[in-house]
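As structure tokens, the structure follows; a few thoughts come after it.
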Amino acid sequence: MKFGIMASHQYPHGDDLGKHLSDLFGTVELAAELGYDSVWTINHFQSNLNTPQPISMTASLIPRSGDMLIGTGILLLPMFHPAHIAEEFATLDHLSGGRVVLGVGAGYRDNEFAAFGIDPETRFRRLDESLRLIRALWSGEPVTSDGEFYPQTGATIGIRPLTPGGPPIWIGAGGKKAVRRAARLGDAWYAPGNSPSKRFLPEHLAVYNDALAEYGRDVSRISRPVGVELYCAPSTERAVEEALPHARVEYSTYAEYPALRWQRDRFDELVRNTLLLGSPEFLIERISALRDLGFDHLIFRPGWLGMPTEQVRASLRLFASEVFPAFRRQ
């Protein structure tokens, strides 16, 4: 089992962004020293939180992340031209020495689609076409396509990726059709582990596994990441006491968007079923269940809005010292 952290670079408007970013960079450096495997940036536009953009953030983390994978978790691909992303991530692949992962999703916030003049009904077709074009451009060969959104004639990119064929592509998806798309076009389904339903992950994993078989994918080459919310403290009672108020504030902020109102209305279910707030022993039990489902890369947000930096780092240290050994060969 591998373990990664979300950089989670979202902050209240009006806060000192420089101080927040300095703290974040220090936390990423600590995670690298502790042996975490990956770090992930996020993407939103015109947000109700101050949200630096992911390509810049990914580049800024390269010299601070040791040998960790660095990825976008996730990039809203329909908001970008795929030729742009093919060039940017080929560049990041070189800058990182082959450590970058392109994590993408279709998006869900109406205001973001409106800002770019994109019909949200087209987002999945755009995602599909974009992924095909990015992979074709990464081949280095001239590309001609009569795509619905991004037609190309003899196109090549100015820099080929360092990684043959380009960086891995992970696809975030929540619906069953989208999960099948991840099996067809991606190197991983980046599974959302914060559904309030206990049935979500098993049911959608079954869809994913069936689709992998249907499309003849080599399952030995497929990563199986899951994103969760996690906080580690010496006791579960202390973890809940320290983390839950901050998690509630952050989820309430997300719930200002219509598509995420359920996160406010069903927050108690989230706490019971998906928020991993607890002692090392509690977390080992819960993570073991995810491993038994088949996941091999756990990615978590190490802190929430307003949580003191030292609290975030104490959780990362305790998790590394007490939980890592249960999932890593000595």
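The values are calculated or read from the model by the stated rules, or taken from the named source; none is laboratory data. This is a predicted model, so every value here is computed, not measured. Using ideal geometry, Cβ is built from the backbone for each residue, glycine included, and neighbour counts are taken over all protein chains shown. With ligands, DNA and RNA removed, areas are computed over all heavy atoms of the protein, side chains included. Shrake-Rupley method; radii C 1.70, N 1.55, O 1.52, S 1.80 Å.
So the values come out like this:
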read-out: Inter-probe distance in nm under a simple model that places probes 7 Å from Cα toward Cβ, at residue 184 and residue 49; value: 3.3
read-out: Equivalent-ellipsoid semi-axes of the stretch 102-220, from the Cα gyration tensor, Å, largest first; value: 27, 20, 12
read-out: Unit Cα scatterers, Debye sum, the stretch 79-118: log10 I(q)/I(0) for q = 0.33 Å⁻¹; value: -1.07
read-out: Among 251, 215, 11: highest mean-square fluctuation, GNM of the chain, C-alpha pairs under 10 Å; value: 215
read-out: Note, ³J(HN,Hα) from phi for the stretch 107-112, Karplus 6.51, -1.76, 1.60, rounded to Hz, x at Gly and Pro; value: x, 8, 8, 4, 5, 6
read-out: Ranked packing of 46-52, 82-88, 143-149, most packed first, by mean Cβ within 10 Å; value: 82-88, 46-52, 143-149
read-out: Amide H partners (placed H, <5 Å) of residue 104, local residues excluded; value: 75, 170, 171, 172
read-out: Percent of alpha-carbon pairs separated by more than 16 Å within the stretch 9-50; value: 47
read-out: Volume per residue that the Cα convex hull of the stretch 31-161 spans, once the total is divided by residue count, Å³; value: 105
read-out: The stretch 16-86: radius of gyration over Cα atoms, expressed as a fraction of 2.2 N^0.38 Å; value: 1.17
read-out: Over the stretch 111-156: Rg over Rh, Cα atoms, Kirkwood Rh; value: 1.06
read-out: Per-q log10 I(q)/I(0), the chain, q = 0.09, 0.15 Å⁻¹ (Debye; single scatterer per alpha-carbon; no solvent); value: -0.46, -1.38
read-out: 1.4 Å probe accessible area per residue over the stretch 1-110, in Å²; value: 33
read-out: Ellipticity estimate at 222 nm from DSSP helix runs (n ≥ 4, -39,500 (n - 2.57)) divided over the chain, nearest 500; value: -14000 deg cm²/dmol
read-out: Within the accessible area of the chain (1.4 Å probe), percent carbon and sulfur; value: 51
read-out: Spacing of the two label points (7 Å from each Cα toward its C-beta) at residue 197 and residue 284, in nm; value: 3.3
read-out: Gain upon complete extension [residue 176, residue 214; 0.36 nm per residue less C-alpha separation]; value: 12.2 nm
read-out: DSSP-defined antiparallel bridges as percent of all bridges, the chain, nearest 5; value: 10
